[in-house]
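Heads up, the thing below is written out as structure tokens.
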Amino acid sequence: MTHAPDPAKSETAMLAYYEVTTKCNAHCPHCTIPDKQKYDSPIERSFSEIFSDFSYLKNRLDVTKIVLSGGEPTLRYSLPEMVHYARTVFRDVAVISNGSNFDVLQNVPCKKWVSIDYYGYKQDSYRGIKMWDNYLKLIKNVNVRATMFNDNFTDLKQLIETTRLNNTEITIVPYKGTNKDFAPSPEKIMILTEHIINGNYLNAVIDDSATRAYIASYTTKKDFIGCSACESIIRVKPNGKITPCPFLPTEICDLYDPNIQQKIMQYRNQLLTVYPEKCVKCNMKIICGGCKASANHHCPITT
């Protein structure tokens, strides 16, 4: 911190996932954004609101990192200008895109992540738009953010190797939600984790509290962290509401609520006492806590 600490604030600087629009051109089966907000009447922050929000996040909540997302952020053609301004405010700036709007994405002056879940044109089929060819055009300049489902284990292994060959990164997030048909099995999580560790894939990580706890349970890894919602991560929706993370839908308060710090901390304390059903009897629950936005069907600890 560069100033005297406010006792109401967390000591941990935050990463904000900031959604610039609900508009999207994809048709992902697992998406939770209502169709009306995606295709007909998108919710968006104005340009002036976005600039004010950035300053507020930095000065009031100690946000040092921001990820601009959506919806599909490149459907806002002013995204490069938003990024330029964000870079004057925050230490780290990134964008998560589906990669379909090539002309805008290639001109975004920050770290870029493309949501790729399947290898090759299976990706286009699943998302309902053309993405793969654009990814190949940008392959050495974009990282991959993948969702792990029950049916894309082989695809993820191919993507891990592809990103390594191109000196880029891949972050894999197990499906968040309650639909067991989408969730990967615990066995597949274990095998993929071991594939990454044994293959020394330093560019690949599975971003999931249960998976990190699984790794910590049989290695000497010292930097394990559980759920970071409301501790080092928040999400700002296009309506200006704060939620605990990109996956938890609960709206804590408005961004400009005068008691925002206290409300975020209070919600964090609540999260620490709530466990998904699968986690209730697990002896790792105090350390891990499970993902609060998921039924944790994928958890490799309590199988």
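The values are calculated or read from the model by the stated rules, or taken from the named source; none is laboratory data. The structure displayed is predicted, hence computed values, not measured ones. We place every Cβ from the backbone using ideal geometry, glycine too, and count neighbours over all the protein chains shown.
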What residue, among those in segment 1-36 that are β-branched (Val, Ile, Thr) and over 18 Å from Lys237 (Cα atoms), is modelled with the highest pLDDT? Thr12
Within the bounds of segment 118-131, is there any residue that is under 20 Å from Cys24 (Cα atoms), buried (at least 21 other Cβ atoms within 10 Å of the Cβ), hydroxyl-bearing (Ser, Thr, Tyr) and touching a helix residue (DSSP H, G or I) at 6+ places or on another chain (Cβ under 6 Å)? yes
Name the residues in segment 134-160 that are surrounded by fewer than 17 Cβ atoms within 10 Å (Cβ to Cβ) and out of contact with any helix residue (DSSP H, G or I) (no Cβ under 9 Å at 6 or more places or on another chain), would you? Leu136, Lys140, Asn141, Asp151, Thr154, Gln158
Could we say that Ser97 is modelled with pLDDT of 95 or more, surrounded by fewer than 23 Cβ atoms within 10 Å (Cβ to Cβ) and hydroxyl-bearing (Ser, Thr, Tyr) here? no
Within segment 290-300, is there a residue that is surrounded by 15 or more Cβ atoms within 10 Å (Cβ to Cβ), under 20 Å from the mean Cα position of the chain (by Cα) and polar (S, T, N, Q)? yes
Select, from Asn259, Asn296, the only residue that is over 12 Å from Glu231 (Cα atoms) and without any contact (Cβ under 8 Å) to a residue 12 or more places away in the chain. Asn259
Can you name every residue in segment 279-289 that is aliphatic (A, V, I, L, M) and surrounded by fewer than 18 Cβ atoms within 10 Å (Cβ to Cβ)? Val280, Ile286, Ile287
Please give the helices (runs of 4 or more DSSP H) falling wholly within segment 136-222 in which 3 or more residues are over 25 Å from Pro276 (Cβ atoms) and among the polar types (S, T, N, Q). 153-165
Qualifying residue in segment 64-76 (condition: modelled with pLDDT of 95 or more, under 30 Å from Pro300 (Cβ atoms) and acidic (Asp, Glu)): no
Looking at segment 197-209, which of its residues are surrounded by fewer than 22 Cβ atoms within 10 Å (Cβ to Cβ) and either out of contact with any Ser or Thr (no Cβ under 8 Å at 6 or more places or on another chain) or farther than 22 Å from Ser294 by Cβ (or both)? Ile197, Asn198, Gly199, Asn200, Tyr201, Leu202, Asn203
Which members of segment 261-270 meet the condition of being in contact with a strand residue (DSSP E or B) (Cβ under 6 Å, 6 or more places away or on another chain) and aliphatic (A, V, I, L, M)? none
Among the candidates Pro276, Pro238, single out the residue that is in contact with a helix residue (DSSP H, G or I) (Cβ under 9 Å, 6 or more places away or on another chain), buried (at least 16 other Cβ atoms within 10 Å of the Cβ) and not acidic (Asp, Glu). Pro238
Mind counting the residues in segment 84-100 that are in contact (Cβ under 8 Å) with a residue 40 or more places away in the chain and not in a strand (DSSP E or B)? 3
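Those residues that are at pLDDT below 90 and part of a helix (DSSP H, G or I), I need them from segment 258-276; list them, please.
Scanning segment 258-276 gives a single hit, Leu271.
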